[in-house]
Every structure is written in structure tokens, then in C-alpha cells.
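The next block holds one structure in the form of C-alpha cells; read it before the comments.
The values are calculated or read from the model by the stated rules, or taken from the named source; none is laboratory data. Keep in mind it's a predicted model, so treat the numbers as computed, not measured. Because the Cβ atoms are built from the backbone with ideal geometry, glycine has one as well, and the counts that use them run over all protein chains shown.
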Amino acid sequence: MVKVITYGSYDLLHYGHTRLLERAKALGDYLIVGVTSDDYDKTRGKINLQQTLMERVEAVRATGIADEIIIEEYEGQKIDDIKKYDIDIFTVGSDWVGYFDYLNEYCKVVYLPRTEGISSSGIREKKRSLRLGLVGEAAFLNKIWNEAKAVNGIHIEALCTNNKQKMDTQVVNGIDLITSDLSELLDNVDAVYIRSLPNLHYQHIKQALYAGKHVLCESPVTLSRVQLEEILLLSEEKKLIMMEAIKTAYATAYTRLLLLIKAGKIGDVISVDSTCTSIREGGDGEWNNIHEWGPTALLPILQIMGTNYRNNQIAARFRNANQDAFTKISFTYEHGVASVKIGDRFKAEGDLIISGSKGYIYVPAPWWKTDYFEIRYENPVENKRYFYQLDGEGIRYELVAFARAIERGKLISDISKDVTFKISEIMEQFEDREGMIMI
């Protein structure tokens, strides 16, 4: 019996996939098809798959061509599989010619011609065609421009700003419409990414929603709970997506960390300590320290410890009447404590430490962009390290989640409404100086 093996994502399985599988099957007597997992696809730069792993597996199964289906989960697995299944022929599409020649040491390698003019990327591009507009004065929008290029179907068509000089030359030259009039931008896009000053978010979001546009807004979404309730209700009435942007929430390492905590790997969580600092002069569009770093630093506390804390205490040092240079927020829960340290006028180790009854998780600086963390125990022999690829700064994963939500007509966010509301409440508490300690 001649055994053949091939691999692929098989996203939005099409005629080209089927023809390739048929040619692979014709090479031998028994065909094994490896379907790549979501995590492994991310390491290969495929972050915008339309279907889940199980949907893709079932699509391959439905062709009736594969004799056996396996999951590809890690780099180097092909060699392991060839040995494990006693493979005679490894085959893949001709667009990979030469890439897998190293496997000739273990079996015969055959490159098959692909069906011209058909690809999952092309189908995704047609299915997801989203004209995105950028709103704000921050240099951060340059990152959105760069990361959006990695997502099929998202096209940045317009920029609304009063501070064009903060944009990179390639951004200015690559955007068709640059205006200071939000209404003009809204007439030319399907959705907006808002990075204006936080006190402008409320009016900008409302204007976008009333214009029938989907919104991805940098956190904090608003500086008051009442305003947040209003725009969320408006988005529901208009059947539009209104999504909060905190890029860390969509990073693979961070989401896996949360799952391991829920699985009890460190026991009952007793405390969470989150630190985010930078030394900025002037800030990004004059964002306050609490607005710049607060939502990110608060994210793990509110997601791990919960939003129902017993009380909190804010201590801050201000560099002028309105802008804080350093802020510490302490939380007391029924079952533990938590703290946030953020600042743009001092430097500290930007790590995240989550302490539990069995062990603790250490995420090194800069934890908000991590691709690595450790679980540590009393007995160091039991310690374990986890590595997950993070492409760019993680913004592209957030953009993919936004685009998917628009396609499905339903927001399935990695940030719950309870967390979004609590972030706005804490921002409002800060703005009111409610019970604040000035240092």
C-alpha cells in the first residue's frame, strides 16, 4: 500500500482544493490529510481564516477523498507524521516548489500544480471587502495602517485628522481621502477606527453610528457609563458593530494565559499586579496617562479577578492640572487584591504577575505585547514556559475580529460588556477625582 500525506488550511474549501486532493489521492492507495490548527496557522501568518478548525475538517471530510484526517499543530510535525504513519509520498501545491525538499530524506516529495485563478485568499478578499476610515490625531494610526495590510479584505480608504504631520509619508501617500471633516470621511467608508482624544469618542462614535457605520474605538470608549450605555443601545438599534479596541485582548499568548488560569493551573487567584509605563514627552495626541495605559493595565485584573470588587483606591501624581504622570489603583475583592501601576513620567518593570494558591504566572515586560510567559511553582522542576507567536503588535488580530463581527452581524468580543463598562466607570471616577489621593 502506497501512503500519501498532504497538508493545508482548507479555509472556504473550493474547487481548487478538491482538485488538489484528488491529484494527491491518485498518487497512491491511502491519503492522509493534515488540516492546520488555528494556532499553527497564526505562526505561518494566516490570521484571517474565515472558518473554525472543525468547520475546515468537516469540509475536507465531506469531499470523501481523504482516508484519514489529522490536525497539524506545530512546526516540524511533518517529519514526525511521515515517520509515525509510514508515509511513502508527501505532496503539496506547486506554489511551495523547493520549500519541502528537505523531506526527501524521509519519503518522496511531489509538488502538484494548483488550479489557476482560484484561491482562498481571493475568495476571502471578495467576501470581506471592508472600507475602513481612520479618525484621530495620534501617530498610533500609522500602526493601524501597517497592520491592516496583513488582513485580507480590509482597505483603509480615508483619514480624518487635524494633525496630518503625525502620519508617515507612506500613509499619507497611500490614502485616497484625507480630511478634517468627519462627515466627509463617513460618506466614503463602511467602518471607522477611532483614536481621537477620549473626550471626543462619545460624539465621534454617535456620529458614525447615525451615519450607519460600524465602529472600532480605542479604549476607553467613553469617559462615563451613561454615555457608554447610550452608544451601545444605539449600535443595537442600528444593528451595527461597536467594538472596544484593546489589542492585548486578542493576542494568542494572553488568551491562552486566561484559559490556563480557568483550568486551575495556579489554583485560586489571590492577586494580580499589572504595570505599564513609558517615558513620553508630550504623549500621543496629548492622551492622558490614565487613558493611554489604564485600559490595558486594567484588562487582566477585570478579566481574572472580575468586575465586582469590594472597593478601589486611586493615587496619582499630576504633571499639570489635567494630565497625570503616574497613577496607582488598588483593588480589594472578597477573595483577593489587585493593583495597577501606570505612568509616562517614570520607568518600572512592565510585567504582569498573577499569584495563586498553587503557583504564579509571570509575564515579562512588555507584558501587553508578550509572546511568552511562565507558570512557576514551589518546586521549580514543575515550572513550564509557554511561547506563542505575535505578529506585529497584535493589532491585526483585533482587526480580524472586527471584520468577522461585521460579516456575522454579531459581536463576539474577547472583551465582555462588563469589562467595557467597568473601564468607563473607573475613567469617570478618575475624571471626578472621587476619593483620589494626590501624591
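Would the stretch 347-358 turn up any residue that is in the same structural domain as Ser424 (by TED's automatic domain parsing) and part of a helix (DSSP H, G or I)?
Of the residues in the stretch 347-358, the ones in the same structural domain as Ser424 (by TED's automatic domain parsing) are 347-358.
If we keep only those that are part of a helix (DSSP H, G or I) too, we end up with none.
Within the stretch 347-358, not a single residue is in the same structural domain as Ser424 (by TED's automatic domain parsing) and part of a helix (DSSP H, G or I).
Here the condition is being in a strand (DSSP E or B), among the hydrophobic types (A, V, I, L, M, F, W, C) and under 21 Å from Val400 (Cα atoms); of Val215, Val221, it holds for Val215 alone. Those residues that are among the basic types (Lys, Arg), closer than 20 Å to Glu393 by Cβ and either more than 20 Å from the chain's Cα centre (by Cα) or not in a loop (DSSP other than H, G, I, E, B) (or both), I need them from the stretch 139-195; list them, please. Result: Lys143, Lys166, Arg195.
Take Leu134 and decide whether it is touching a residue at least 12 places away in the same chain (Cβ under 8 Å) and outside any strand (DSSP E or B). Taking the combined requirement at face value, the residue does not satisfy it. Of all residues in the stretch 1-36, those satisfying the criterion of being in contact (Cβ under 8 Å) with a residue 60 or more places away in the chain and of a type in the set (Val, Ile, Thr) are Val2, Val4, Ile5, Thr6. Restricting attention to the stretch 141-157, the residues that are of a type in the set (D, E, K, R) and touching a residue at least 60 places away in the same chain (Cβ under 8 Å) add up to 2.
Within the stretch 261-282, identify whether any single residue is under 27 Å from Arg404 (Cβ atoms) and crowded, with 18+ Cβ neighbours inside 10 Å, and answer yes or no. Yes, the stretch 261-282 contains a residue that is under 27 Å from Arg404 (Cβ atoms) and crowded, with 18+ Cβ neighbours inside 10 Å. From the list Thr307, Thr275, Thr296, the one residue that fits, being assigned to a helix (DSSP H, G or I), within 25 Å of the chain's Cα centre (by Cα) and either over 23 Å from Asp391 (Cβ atoms) or at pLDDT 90 or above (or both), is Thr296. Within the stretch 255-269, not a single residue is outside any strand (DSSP E or B) and under 22 Å from Trp287 (Cβ atoms).
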